[in-house]
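No lab work stands behind these numbers, since they all come straight from the coordinates. On a predicted model such as this, the values are computed, not experimentally measured, just so you know. Neighbour counts are summed over all protein chains in view; Cβ atoms, including those assigned to glycine, are modelled from backbone coordinates with ideal geometry.
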Amino acid sequence: GYAHWKGQVLNSDELHELYEGLKLNNVNHYDYVLTGYTRDASFLAMVVDIVQELKQQNSDLVYVCDPVMGDKWNGEGSMVMDMLHAMGPETVVITSSDLQGSLGSDFLIALGSQRKTRADGTKVTQRIRMESPKVDADFVGTGDLFAAMLLAWTHKHPNNLKVACEKTVSAMQHVLQRTIKCAKVGRLPHSMRKRAETGQRGCADQQPASQQRPVESQSRQEEAANQGWAGSYIKAA
């Protein structure tokens with residue numbers, strides 16, 4: 001993160017006051033609630049109370065928790081995800097793990113698991129494993145972006161975690177690569193910057209994200225079959 005920062009960290013009472021203001025304005029009807037890093041136990045307790053109250057307004061509300069744990073753990077990823085499933089969540093995604101991938105140390109591994117109950121009452125679990133290339137830069141806020149994009153894409157694909165994760169990582173790659181390109185252009189002298197922007201389609205002239213070529217996703221089913229993973233890796237287009 002940054003060496004210095006200013007501002008205020010909300011406590012549980014201040015969060016409650018904000019929520020009461022939302023209720024007074026009758027804007028407490030939500031389909032999703034997403035929370036990120038929280039360093040205060042009382043704040044988390046207040047989040048629980050608010051989510052439970054919101055679910056009384058909408059029983060289908062989905063709570064997405066980005067715990068920002070950064071834990072070191074021993075064992076298989078599937079074991080960890082099963083432990084988290086046992087706590088209640090139907091969908092679990094572990095990002096930026098330091099597991100050794102088949103493509104080498106220049107790739108980050110994301111693991112996912114989604115449990116669904118079929119009409120006949122039986123449960124089915126979908127596992128995914130994704131490897132995405134690291135970028136040669138340091139960023140702040142990529143975890144928040146990943147969580148927000150994952151929420152959006154799981155809304156679009158509620159029964160297909162593999163597709164939702166592929167599109168999330170694809171969007172991440174596009175955002176990071178464009179940010180790196182814009183930063184490099186911004187450091188150029190003004191005359192060179194103008195040539196870069198006009199001759200190489202600079203940041204201001206880039207296509208909208210909806211028109212960009214998506215990051216390719218290639219299936220690795222055979223390699224993952226023995227582990228029960230619906231495997232894939234992300235390759236920058």
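What the table below lists for this structure:
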| read-out | value |
| --- | --- |
| Ranked packing of 91-97, 35-41, 77-83, most packed first, by mean Cβ within 10 Å | 91-97, 77-83, 35-41 |
| Sum of side-chain charges, E90 neighbourhood, beta-carbon under 11 Å (Lys, Arg +1; Asp, Glu -1) | +3 |
| Alpha carbon centroid spacing (whole Å) that separates region 88-108 from region 4-80 | 24 Å |
| 3J(HN,Hα) from dihedral phi, region 36-51, Karplus parametrisation 6.51/-1.76/1.60, rounded to Hz, x for glycine, proline | x, 4, 9, 10, 10, 5, 5, 5, 4, 4, 5, 4, 4, 4, 5, 4 |
| Positive minus negative residues near T117 (Lys, Arg vs Asp, Glu; Cβ under 12 Å) | +2 |
| Out-of-range pairs (alpha-carbon distance over 21 Å; input K23/K156; K134/K156; K116/K162; K55/K123) | K23/K156; K134/K156; K55/K123 |
